[in-house]
Structures are given as structure tokens and as C-alpha cells.
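Below is one structure, written out as C-alpha cells; comments come after it.
The values are calculated or read from the model by the stated rules, or taken from the named source; none is laboratory data. Everything quoted here is computed from the prediction, not taken from an experiment. Methodologically, a virtual Cβ is constructed for each residue, glycine included, from the backbone with ideal geometry; neighbour enumeration extends over all protein chains shown.
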Amino acid sequence: MNFVITSVSAPTWANAEHTLIHCMIETDVYGVIPFAASPDDPESHGRTIFQAAVNGEFGAIAEYVPPPITEADYTRAVQAKLDAEAAAHGYDSILSACSYAAVANPFQADGVAFLNWRSAVWATCYQVLTAVQAGQRSQPTVADLIGELPPLVME
């Protein structure tokens, strides 16, 4: 279906790299709708709107504001760190590595080390998040939190 764009408003950078612009467009068919314009848009109107916005034709482009980091962002990153470290030692995941701690076997020492490390990592993660929520420290980036986690000590 063809449509005519009658106006573009509220351009805002959609990312820190300034390669995507969110805006509102008004069309003769759909009315006012949100739109994302990119210099690589497969449709010519997307590329045209992006360049016109960069040229200032719709006013100044509001700066990108990253979404707030959530607890889920931190926990996903911590879990990924745990799983990646276990994988680096030949285990499928941190859960798999920890499963060897329970009974005597050739991998029990690894299992105990991973189990202790996992506990220390989660304790550190939640200590940091609790301190942030209590206003005792500033909110770290995800990368900074990962950098604060204790290292794995294999015996």
C-alpha cells in the first residue's frame, strides 16, 4: 500500500553511535505513527528521512538516552560470565561444573572450586546491587560489575 508522509517530528537518536533516528511521522493512511529512520534503510523514504533529520529539517535531534540498567541485565551478564568460565574449562555450563562437587570423582576438585566461586560471585553481585539500592554507592555499568566479581580459583 502506498502512503504519503505529510510531516516528521520529534527526531531522537536511537543509539549512541548515531546510526538510527526515532521520530514520529504523519501519513495520509496511518495517521501519526512512530518511525525509525536509518541511512541503510531498505526503503528510500527511511534513508531520506534520516538524512533530512541529520540536516536539521525537523529541528534538533534529541540526544540518545540509554535505557536504565535493570537487575535482569546484571543477572544475565553474571550468569553468562559463570557459564563462559565453566565452558573455558571444558564444562557445558556452571551448573554442569558444579554438579561434580557432590560425589567422589576425577572432577570433584573442579566441581568444588566452581561451586565455591559461583556462591562468591552471586554474593558479590547482590551485595553491590543492595548497596546501589540503599544509595551507598553509584550504579555500576554491567562491565564494571563483572570486573568486581571475584576470580575463579582452581586448586
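The requirement of being in contact with a strand residue (DSSP E or B) (Cβ under 7 Å, 6 or more places away or on another chain), within 30 Å of residue 14 (Cβ to Cβ), in contact (Cβ under 8 Å) with a residue 40 or more places away in the chain and not aromatic (Phe, Trp, Tyr) is not satisfied by residue 71.
Among residues belonging to the range 134-145 that are in a helix (DSSP H, G or I) and under 14 Å from residue 75 (Cβ atoms), point out the one that is farthest from the chain's Cα centre (by Cα). It comes out as 145. Those residues that are closer than 30 Å to residue 149 by Cα and of a type in the set (A, V, I, L, M, F, W, C), I need them from the range 33-82; list them, please. Within the range 33-82, 65, 69, 72, 77, 78, 80, 82 qualify. Can you confirm whether the range 51-63 contains a residue that is closer than 30 Å to residue 132 by Cα and at pLDDT 95 or above? Looking through the range 51-63, at least one residue is closer than 30 Å to residue 132 by Cα and at pLDDT 95 or above.
In the range 36-47 there is at least one residue matching the filter, namely being at pLDDT 95 or above, hydrophobic (A, V, I, L, M, F, W, C) and assigned by TED's automatic domain parsing to the domain that holds residue 15. Quick one: in the range 138-155, of everything that is of a type in the set (D, E, K, R) and surrounded by 11 or more Cβ atoms within 10 Å (Cβ to Cβ), which residue is nearest to residue 71 (Cα to Cα)? That would be 144.
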